[in-house]
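Participant: Here's a structure for you.
The values are calculated or read from the model by the stated rules, or taken from the named source; none is laboratory data. Keep in mind that this is a model prediction, so the values were computed, not measured. Cβ: placed from backbone, ideal geometry, glycine included. Neighbour counts: every protein chain shown. Ligands, DNA and RNA are excluded from the accessible area calculation, which covers all protein heavy atoms including side chains. Shrake-Rupley method; radii C 1.70, N 1.55, O 1.52, S 1.80 Å.
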Amino acid sequence: MDKVFRVYGKVVKVSGVYLEATVPEGAVGNQCIIKTETGDVEGEVIGFHENRCLIMPFSSLLGVKTGDRVWIKREPVSTIVGEKALGQILDPFGRRISDGRLIHGERRPIELKDINPLQRERIKEVFDTGVRTINALFTLGRGQKVGIFAGAGVGKTTLLGMITRFSKADVVVLGLIGERGREVREFVEDILGNSIKRSVVITTTADQTPILKVKGAISALVHARYFAEKGLNVLLVLDSLTRFAMAQREVGLSAGEPPTLKGYTPSVFYLMSKIVESCGNFNRGSITGIFSVLVEGDDISLDPVADALMGMLDGHIILSRKLANSGLFPAIDPVRSLSRLMPQIVSKEHMRAALYLKELLSAYESLEDLVNLGLYTKGTNPVVDRVIKHEELIKDFLRQDYTTPADFESSVSSLMELYRRLTQE
């Protein structure tokens with residue numbers, strides 16, 4: 001009987017969040033195990049330097065020393081997908097957070113596969129988010145990818161929770177990337193509620209390693225892809241792409257990539273484009289992507305991640321700090337938000353009413369400071385006069401309690417009624 005030998009390398013350097021090892025074989029993306037005196041440490045090969053292999057661990061490097069053995073498994077890092085994932089809170093590898101056990105299902109590599117553009121179907125059906133402002137003014141299509149851009153403390157997480165609970169999706173895959181530890185349970189219990197039964201939650205917390213956060217985002221897409229291949233309409237929610245980008249920046253810098261604007265490496269923007277392009281309407285099933293983006297200083301142009309994503313996505317929902325401070329929630333900016341696919345999936349009457357309201361609010365915004373200071377003279381601008389007269393009606397339309405859904409039909413009906421009231425004079 002032939003004996004099977006396992007060839008080990010050894011650790012030669014530990015630096016920051018990664019280590020270097022001499023190994024006889026291996027490839028980028030291979031899973032590896034470092035054998036230490038206190039137990040095994042799992043990791044992934046992220047690159048090579050001369051004749052050394054660069055490895056980033058999935059957990060702390062505490063206890064790793066030079067000379068420790070390294071086993072390259074010669075297989076990609078993988079997760080478990082399947083029906084058993086529904087209702088579960090998992091780590092990126094398919095293990096339940098509650099007890100650390102793997103779920104039962106199909107093993108798939110955590111990687112982003114290219115999708116042939118001709119295998120994508122045109123987006124023609126409305127995706128009902130359950131949020132009135134989005135349904136009426138920035139209607140989304142099934143398979144669309146859109147970003148929610150917001151600064152800290154403007155209601156981004158609450159809006160994501162509303163969409164997750166109220167949307168008309170068969171399956172929800174929620175990726176909590178680099179989330180604060182205390183907020184994971186709060187999000188699941190308070191915001192998801194009973195929707196957990198049709199959801200898969202992939203979570204990585206802020207105190208975990210950068211490579212684990214990157215794997216968490218990609219793992220969420222692998223789960224979403226599995227259900228889409230079954231012919232289901234999947235809602236993928238990633239909170240947030242900004243934390244994913246920060247984690248990939250650390251991975252890229254450790255692998256020796258050159259830093260660009262604000263230290264972000266080229267692989268950050270490449271992987272972000274791969275993530276958003278993984279969504280779409282396919283021959284079987286669809287993945288509608290909602291990605292939260294944290295905007296530094298509330299200015300998109302100052303944030304390279306937010307600025308790049310504006311061009312990658314099919315639309316953007318921008319949250320306004322001014323509206324949030326005035327107590328109007330969800331604090332969606334009706335003037336700056338946009339759905340690029342809306343003209344293709346709604347009626348001409350619906351589109352006309354939405355554009356009319358945005359036009360009114362845009363004109364009012366340009367003179368709002370004068371109105372608030374009492375320097376505006378009535379009759380100067382009939383459009384502004386109309387907004388002032390119907391201000392409460394417009395605010396009532398934009399305002400929505402986070403516990404009350406508004407389906408697509410009722411949202412459009414409310415918009416058409418508001419349009420009638422605004423144009424009847």
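Participant: Let's see if you can work this out: charge +1 on each Lys and Arg Cβ, -1 on each Asp and Glu Cβ, no other charges. What is the dipole magnitude of the chain about its Cα centre, in debye to the nearest 20?
Facilitator: Numbers: 54 positive and 52 negative charges, 186 e Å.
Magnitude of the dipole: close to 900 debye.
Participant: Counting other C-beta atoms within 10 Å, and keeping those with at most 10, which DSSP coil chymotrypsin sites (Phe, Trp or Tyr not before Pro) do you find in the stretch 201-292? All intermediate terms of the calculation are to be shown ahead of the outcome.
Facilitator: Values: sites: Tyr226, Phe227, Phe244, Tyr264, Phe269, Tyr270, Phe282, Phe291; in loops: Tyr264.
Nothing satisfies the criteria.
Participant: Quote the relative contact order of the stretch 348-423 in percent (integer), defining contacts as alpha-carbon pairs under 8 Å separated by 6+ residues. Walk me through the intermediate numbers first.
Facilitator: Working: 30 pairs, mean separation 31.1, N = 76.
That works out to 41 percent.
Participant: If each residue of separation counts as 0.36 nm, what is the full-extension length gain between Lys378 and Glu359 once their alpha-carbon separation is subtracted? Don't jump to the answer; show the numbers that get you there.
Facilitator: Numbers: separation 19, 0.36 × 19 = 6.84 nm, distance 1.89 nm.
Working it through step by step, the gained length comes to 4.9 nm.
Participant: Now a separate question. Would you please name the chymotrypsin sites (Phe, Trp or Tyr not before Pro) within the stretch 36-116 that are DSSP coil residues with at most 16 other C-beta atoms within 10 Å of their C-beta? Before the final figure, lay out each step's value.
Facilitator: On the way: sites: Phe48, Phe58, Trp71, Phe93; in loops: Phe58, Phe93.
Counting only loop positions with at most 16 other Cβ atoms within 10 Å, none of the chymotrypsin sites (Phe, Trp or Tyr not before Pro) in the stretch 36-116 qualifies.
Participant: Here's another thing I want to ask about it. State to the nearest 20 debye the size of the charge dipole of the stretch 348-423 about its Cα centre, where the only charges are +1 on K and R beta carbons and -1 on D and E beta carbons.
Facilitator: On the way: 10 positive and 13 negative charges, 60 e Å.
Charge dipole, the stretch 348-423, about its Cα centre: 300 debye, nearest 20.
Participant: If you rank Arg107, Arg132 by how much accessible surface each has, with a 1.4 Å probe, what is the order from largest down?
Facilitator: Values: Arg107 130, Arg132 50 Å².
Descending accessible area places them as Arg107, Arg132.
Participant: Rounded, prolate or oblate: which fits the stretch 29-80, taking a ≥ b ≥ c as square roots of the Cα gyration tensor eigenvalues, rounded meaning a/c under 1.5, else prolate when a/b beats b/c? List each step's numbers first, then the result.
Facilitator: Working: a/c = 1.86, a/b = 1.14, b/c = 1.63.
Oblate.
Participant: So what does His49 come to for accessible area, using a 1.4 Å probe and Å² rounded to 10?
Facilitator: It works out to around 90 Å².
Participant: Let me ask something additional. Find how many whole Å separate the alpha carbon centroid of the stretch 69-135 from the alpha carbon centroid of the stretch 284-330.
Facilitator: 23 Å
Participant: Thr38: net charge of surrounding residues, Cβ under 15 Å, Lys/Arg +1, Asp/Glu -1, itself excluded? Show your work: numbers first, answer last.
Facilitator: Values: positive: Lys35, Lys65, Arg69; negative: Glu37, Asp40, Glu42, Asp68.
Spelling it out: positives minus negatives among the neighbours equals -1.
Participant: For the chain, what is the relative contact order in percent, using Cα pairs closer than 8 Å and at least 6 residues apart in sequence?
Facilitator: Details: 880 pairs, mean separation 72.9, N = 425.
It comes to 17 percent, rounded to a whole number.
Participant: With a 1.4 Å probe and all protein chains in place, put Glu44, Glu417 in order of accessible area, largest first. Don't skip to the end; give the middle numbers.
Facilitator: Working: Glu44 15, Glu417 80 Å².
So, going from the largest accessible area down, we get Glu417, Glu44.
Participant: Which helices, counted as full DSSP H runs in the chain, have an axial Cα extent of no less than 24 Å and a Kyte-Doolittle average of -1.0 or above?
Facilitator: On the way: long enough: 210-229 (29 Å, 0.59); 348-373 (38 Å, -0.10).
Both cut-offs are met by 210-229, 348-373.
Participant: Moving to a separate point now. Which value, in Å², gives the accessible area per residue of the chain when a 1.4 Å probe is used on the protein heavy atoms?
Facilitator: Numbers: 19700 Å² over 425 residues.
In whole numbers, the chain has 46 Å² accessible per residue.
Participant: Among (i) 0.98; (ii) 1.04; (iii) 1.02, find the value of Rg/Rh (Cα atoms, Kirkwood Rh) that was calculated from the structure presented, and write down its label.
Facilitator: Checking each listed value against the structure points to (ii).
Participant: Still on this structure, please answer the following. Could you please state how large a percent of the accessible area of the chain is carbon and sulfur, counting protein chains only and using a 1.4 Å probe? Spell out each step's value before the answer.
Facilitator: Values: 9980 of 19700 Å².
Carbon and sulfur together cover 51 percent of it.
Participant: Shifting gears a bit: Rank these residues by their accessible area, most exposed first, probe 1.4 Å: Asp369, Asp333.
Facilitator: Asp369, Asp333
Participant: Among the listed pairs Lys84/Lys156; Lys73/Lys215; Lys168/Lys348; Lys213/Lys322, which are separated by more than 21 Å between their Cα atoms?
Facilitator: Numbers: Lys84/Lys156 29 Å; Lys73/Lys215 18 Å; Lys168/Lys348 23 Å; Lys213/Lys322 32 Å.
Over 21 Å Cα-Cα: Lys84/Lys156; Lys168/Lys348; Lys213/Lys322.
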